[in-house]
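The values are calculated or read from the model by the stated rules, or taken from the named source; none is laboratory data. In this text the structure is predicted, and so the values were computed from the model without any measurement. Heads up, the Cβs are rebuilt from the backbone with ideal geometry, glycines too, and the neighbour counts pull from every protein chain shown. Quick note on the areas: whole protein, heavy atoms, side chains included, nothing else; ligands and nucleic acids left out. Shrake-Rupley method; radii C 1.70, N 1.55, O 1.52, S 1.80 Å.
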Amino acid sequence: MWKSLFIAGASVWALTGHAATLSMQRVGTGMQVRTDTGVLTIEPVAPRVVHVRFGPAGFAGNYNPVVIAPPEKIAFKIGEAADAWTLSTADLRVRVARPGGDITFQTADGKDILQEGGRDVAHGATQRFQTETILYGLGQHQNGLLDYNGTITRLQQANRDVAVPMLVSPKGFGILWNNAAVTDVEAGLPSGPAILIRSEAGGVDYHFMYGPELDDVIKGYRRLTGTAPMMARWTWGLWQSKERYATQDELLGVAAKYRAMHVPLDAVIQDWQYWTPGQWGSHQFDKARYPDPAAMVKKLHDENVHAIISVWARLDPDTANTHALDAIGGLYPSTYPNVYPAGKGRWYDAYNPRARDLYWRQIMRNLGTLGFDGWWLDASEAELGGWWGQMRDVKTAAGPGSVVYNAYPLLHTTAVHDGMVRDQPGKRAFILTRSAYAGQQRNAAITWSGDTMGNWDTFRRQVPAALNFTLTGIPYWSADIGGFFGGKPKDPAYAELFTRWFQFGVFNPMFRVHGTGEGKEIWAFDDATQTILRKYIDLRYRLLPYIYSASWDVTHNDGTMMRALAFDFRDDTQALHIPDEYMFGKALLVAPVVQAHAQAREVYLPGKDAWFDFWTGARLDAGRVVTAQADIATIPVYVRAGSILPLGPVKQFADEKSDAPIDLVVYPGKDGAYALYDDGGDGYAYQKGAHALVRMTWHDGAKRLDIAPREGRYDGMPARQAFAVRCGPQAGDVVKVDYDGRAASVALPHCGG
C-alpha cells in the first residue's frame, strides 16, 4: 500500500538548500540552467505563457494529457548579469537568480509579478513561491472559502471534491501545475512560505500565465488546454431529475405533467438502476420496467423534451461488456466493493485508448442508438471502492496510479465526448460529470458538485465552491438544486431552502433539480412555493438570449459565465474577499440568500460605476454596502451601468418558435456595448460560420442605442427580429424595432443614470 508522504493538518516541508548554479545555455525553445540538483528549463510557449520544468537531466515533464496546444514560436532574448540570467519576450521577463536558480516573473518593464522560493524533486515534487497574494481556483472544494489563504487544500479526486491544479491570483497571474499525482497546496500558513505546492510523484512542471486581467489568464489557460465548445440551446433550460425514475411510465409522466401545467421544461434525466440486477454496465434497460426505451425517448422528443442517461465507468463482473473490456486489458484487475448498493464491480481503465474506444462503442450501441441526447457520467473520480486513496495502487495504461491519479475524469470524459462528436454529429456533445480535471472544458462537460446534503450550511458552501471551480478555467458548473440527500417538499423549512437554492440555480450555468427521496418536481410543493418557483422558471427562460450569448462568449472569446468578482473588479480590494456574490455574465450581479428566514441581506456593490436594482430599477452608487430586499420571493440582483440586457419571451422550451419581441433593456450612466448571438441551436454548423451576431452600442451622452447590421447567417434564421427597447431604471416608453438585419438607431431621450 502506498504510504503518503504528506502529514495531514500540518505544514511540514523541507527543501534542499539553494543549489549552486553551474551553467546556462540557450536552447531552441528557451533556456536551460544546470544546477547540482537538476536541470531547470524555461520556455515561452505563448505571448504571456511560460513553461517551467525542473528535474534530473533528461526530464521532459510529467504525464500531462491536459496541454494539447503546440508551443507558439515566441521571439525571446537572453541576458546575463552577475546576479541573474534573464529571458525576455515582448510581454514578460523571466529572471533566474544566481546562485540558486529561483525564478522571478516580471512584466516587460521589470515589475515583479511572482517570485519562486525554492524547489525540490527528491521525494515527489515541491515548489514554493514567496509572493503573498489572494489565491483562487484549485477546482471545487466544500470548505466554504473563496480565498485559500490560511489553509491546506488537498487535490485528490473524491465525491464533492474536485481536483484541478490551476491557481489564479487577482495580482494577474495563473499557475497550471502539470502534475496529476495527489497534491497539497498550502497558502499563507504562518509556518511556511506564501504558497507551497507538493505532489507525491513527478518533477516540477508548471505553466505560468500572465493577464493581467483574469479573463486573459483564463484565455492563456484555454490556449494551452482547449476551447470550451458550444452547448445546445436546450442545455440552458430547466432540467428535472430524481434519484431515480424507476419506470418508463414514471419518466414520461413527469415530462407530460410539466407540459400539461404549461411550465417550461427542456430536459429530464434517467438516473441509474434502470438495468436488471447483475447487469450494471450492460447499458441495457430492464424490459419489465422499460418495455420500449426507444419509444420512450421518441415520446419525449415529440414533446420537445431532451433526455440524458446515467452511465458509469463501473461494471458488474459478469456482463458481456465486462468480458469484452477484460479481453483487451481494459479493466483494472481488482474487483471493488460498491459504495452503494451492496455488491462488487470492476472499473475500466480510461487511461487506455483502446478501452476508451470500446467503452464508448458499448454505450453508443446500447443507449446512443435509442436517441439519448447526452450522458451523465456518475462517479467519474473514479469512485472505485469509495476509499479515495485507492487509485494510487492501480496500474494504469498510462503508468502507476500514484502518478496519473487525478486525471481520470479528463480521460473518461474524452472517451464519451470524442465518440459522441464522431457518432452523433447532429447533436452537440453534452456530458454531466461528478468530477473534473484541467482541460476538461474541451469535452463539453458540466461538472456538478456531487452528492451534497440538503441543508443551509451545504448550500452556503456551494457559492464559493462554484466560483473557485470556474476560476480554474472550466466554465460550466452545476449543483443538485435542494441538495442530493434529504428534504421533504411538504416540510415548510425545506421548501424555504429549496426556494433559495432554486433562485441561485437560475443564475448557474446549468439549471437542474435533483435529489433522493420524494420527487422535487414543481407540483410537489405547496401553492405559495409553486408560485415563486414558476416566477423564477419564467425568469430563466426570459434570460435565455443573454445566457446563450454568454455561452458564445465562453466559446469564442474564452469567457466565463459565472464570474467571481475578481474577474471584473480586480482593483477593488473589498470585492476580492466576498464569497457569496458574483457576476452572471458581465451585466448581472447576483447575491444569493443563504440564510434561513431572511427578509434582507447586505450586498456590496463593487467598482466605481452605478448599479441598478434589477427588480425596481433603483439607481445605487458603487463602492458601498446596501441592504437589499430579500424576502422569500426575492434574490438580490443588480445590473451594471452601461449594460444592454436582452430578455426574451417566456417559452415552453428553449427552441420554441416565437414572434414575440426580445426586450433590449438599457441601463444608463456609462457607454456600453453588447453582442447578441444566435445560431441553429444544435449541431456543429456554428463551427463553420453558421451563426449570427447583432452588435449594439449605447451612447450614454447622446441617449441613443445603435443596432449594427447583422453579421452572418444560419439555416432557418428568421429574416426579421422584433425588439422592444426600453430604459431599465424607469417604466417609460417602449420603442419597438422591426429589425431586418440593417442598421437601426433608437433614441431614449429620458434614459438618465
Residue count, the range 308-362 (criterion: more than 26 Å from the chain's Cα centre (by Cα), among the small types (Gly, Ala, Ser) and at negative phi):
8
Considering Asp663, Asp631, which residue is open to solvent by less than 50 Å² (accessible area, probe 1.4 Å), within 20 Å of Ala743 (Cα to Cα) and among the charged types (D, E, K, R)?
Asp663
Among the residues of the range 177-194, what is the count of those that are of a type outside the set (S, T, N, Q) and under 10 Å from Tyr405 (Cβ atoms)?
3
Residue by residue through the range 642-658, note down the ones that are touching a strand residue (DSSP E or B) at 6+ places or on another chain (Cβ under 7 Å) and either small (Gly, Ala, Ser) or open to solvent by 50 Å² or more (accessible area, probe 1.4 Å) (or both).
Gly642, Ser643, Gly648
Test Gln270 against the stated conditions and say whether it is buried (at least 19 other Cβ atoms within 10 Å of the Cβ), within 27 Å of Thr414 (Cα to Cα) and in contact (Cβ under 8 Å) with a residue 12 or more places away in the chain.
yes
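Conditions (1) within 30 Å of Pro409 (Cα to Cα); (2) in a strand (DSSP E or B); (3) among the polar types (S, T, N, Q), marked per residue:
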| position | (1), (2), (3) |
| --- | --- |
| Pro71 | yes, no, no |
| Ile74 | no, no, no |
| Thr104 | no, yes, yes |
| Asp109 | no, no, no |
| Ile113 | no, yes, no |
In the range 90-137, how many are open to solvent by 40 Å² or more (accessible area, probe 1.4 Å) and either touching a Leu at 6+ places or on another chain (Cβ under 7 Å) or at positive phi (or both)?
3
Looking at the range 327-356, which of the residues that are out of contact with any Leu (no Cβ under 9 Å at 6 or more places or on another chain) and under 20 Å from Gln284 (Cβ atoms) is most open to solvent (accessible area, probe 1.4 Å)?
Lys344
So which residues in the range 322-351 are of a type in the set (Val, Ile, Thr), touching a residue at least 40 places away in the same chain (Cβ under 8 Å) and closer than 30 Å to Phe485 by Cα, if there are any at all?
Val339
If we only count strands (runs of 3 or more DSSP E) wholly inside the range 550-611, which ones have 3 or more residues that are open to solvent by less than 10 Å² (accessible area, probe 1.4 Å)?
582-584, 588-590
Anything in the range 183-230 that is assigned to a strand (DSSP E or B) and open to solvent by 20 Å² or more (accessible area, probe 1.4 Å)? List them, or say none.
Arg198, Tyr210
Pairs, first of a type in the set (S, T, N, Q) and open to solvent by 10 Å² or more (accessible area, probe 1.4 Å) in the range 460-480, second modelled with pLDDT of 95 or more and in a loop (DSSP other than H, G, I, E, B), C-beta under 9 Å, six or more apart
none
Filter the range 286-299 down to residues that are out of contact with any Leu (no Cβ under 7 Å at 6 or more places or on another chain) and among the aliphatic types (A, V, I, L, M) and give me whichever is least open to solvent (accessible area, probe 1.4 Å).
Ala295
Based on this model, can you work out whether Ala69 counts as hydrophobic (A, V, I, L, M, F, W, C), farther than 17 Å from Met31 by Cβ and at pLDDT below 95?
no
Which of the residues spanning the range 66-89 are open to solvent by less than 30 Å² (accessible area, probe 1.4 Å), under 27 Å from Lys219 (Cβ atoms) and hydrophobic (A, V, I, L, M, F, W, C)?
Val66, Ala69, Phe76, Leu87
For Arg540: the one exception among (1) at pLDDT below 95; (2) in a helix (DSSP H, G or I):
(1)
Tell me which residues, restricted to the range 532-549, are touching a residue at least 40 places away in the same chain (Cβ under 8 Å), open to solvent by 10 Å² or more (accessible area, probe 1.4 Å) and more than 21 Å from the chain's Cα centre (by Cα).
Ile532, Arg534, Lys535, Asp538, Arg542
Would it be correct to say that Gly426 is more than 27 Å from Tyr340 (Cα to Cα) and in a helix (DSSP H, G or I)?
no
